[in-house]
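S.K.: After the structure tokens below, expect a handful of questions from me.
Laboratory data are not the source of any read-out in this text; all were calculated from the coordinates shown. What you see is a predicted model, and the numbers here were worked out from it, not measured in a lab. In this analysis, Cβ positions are derived from the backbone assuming ideal geometry, glycine residues included, and neighbour counts consider all displayed protein chains.
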């Protein structure tokens with residue numbers, strides 16, 4: 001991969017000097033520095049990863065109506081995405097983006113998008129096969 005980075009002249013001079021001091025090329029030195037620093041960054045699953053709580057008082061929406069609708073209509077929409085607002089079907093189809101687009105066009109906020117699996121279809125959870 002080729003990467004072009006524009007750095008201030010002073011920084012470039014420091015990189016060249018540090019590379020020369022180690023007896024390697026500037027490009028090789030930059031790769032080493034980047035690799036060392038990337039290895040020190042916290043990953044999203046590490047306790048040091050910076051997270052930001054944006055709200056603690058958001059309401060939890062009751063989805064009882066949506067799941068009741070799903071149980072009644074599962075066979076009709078198996079293998080499709082459905083967008084539900086309560087017990088009202090907003091849109092359905094095999095392309096999730098198109099289904100969501102219909103809801104946005106209608107100005108519906110807070111609808112639930114679900115992929116409808118058949119009752120006998122195996123469930124995949126945490127990389128394992130569950131029934």
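S.K.: Which one, 90, 54, 32, has the greatest fluctuation when you compute a Gaussian network model over the chain with C-alpha springs under 10 angstrom?
M.R.: Per the Cα network of the chain with a 10 Å cutoff, 32 tops the list.
S.K.: While we're here: Could I get the Rg over Rh figure for segment 1-51? Both from C-alpha atoms, Rh via Kirkwood, rounded to two places. Walk me through the intermediate numbers first.
M.R.: Details: Rg = 14.1 Å, Rh = 12.7 Å.
Over the Cα atoms of segment 1-51, Rg/Rh equals 1.10.
S.K.: Going by C-beta contacts inside 10 Å, put 11, 114 in order with the fewest on the left. List each step's numbers first, then the result.
M.R.: Numbers: 11 10, 114 19.
Fewest-to-most ranking of 11, 114: 11, 114.
S.K.: When the chain is fully extended, how far beyond the present Cα-Cα distance does residue 52 get from residue 119, taking 0.36 nm per residue of separation? Working shown, then result.
M.R.: On the way: separation 67, 0.36 × 67 = 24.12 nm, distance 3.82 nm.
Result for the pair: 20.3 nm of gain on full extension.
S.K.: Here's something else I'd like to know. Just to be sure I follow: if Rg is taken over the C-alpha atoms of segment 64-130 and Rh is the Kirkwood radius over the same atoms, what is Rg/Rh? Present the calculation step by step, with values, prior to reporting the outcome.
M.R.: On the way: Rg = 12.5 Å, Rh = 12.5 Å.
The Rg/Rh ratio comes out at 1.00.
S.K.: Now for a different question. Between residue 40 and residue 97, what is the FRET efficiency for a Förster distance of 25 Å, r being their Cβ-Cβ separation, to the nearest 0.05? List each step's numbers first, then the result.
M.R.: Values: r = 37 Å, r/R0 = 1.49.
Taking R0 as 25 Å, the efficiency between residue 40 and residue 97 is 0.10.
S.K.: Can you tell me which of 43-52, 60-69 comes out highest on packing, and rank the rest after it, using the mean Cβ neighbours within 10 Å? Before the final figure, lay out the partial values.
M.R.: Working: 43-52: 6.9, 60-69: 13.0.
Per-residue Cβ counts within 10 Å, averaged per peptide and sorted highest first, yield 60-69, 43-52.
S.K.: Relative to the longest principal axis of the chain, what angle (0 to 90°, nearest 10) does the C-alpha long axis of helix 96-105 take?
M.R.: 70 degrees
S.K.: Dimensions of segment 10-131 along principal axes (Cα, Å, largest first)?
M.R.: 72, 34, 29
S.K.: Can I ask one more? Only Cα pairs within less than 10 Å get springs; with that Gaussian network setup on the chain, which residue of 83, 112, 38 has the largest fluctuation?
M.R.: Of 83, 112, 38, the Gaussian network model singles out 38 as fluctuating most.
S.K.: Shifting gears a bit: Working from Cα positions, state the angle (0 to 90°, nearest 10) between the long axis of helix 26-40 and the longest principal axis of the chain.
M.R.: 50 degrees
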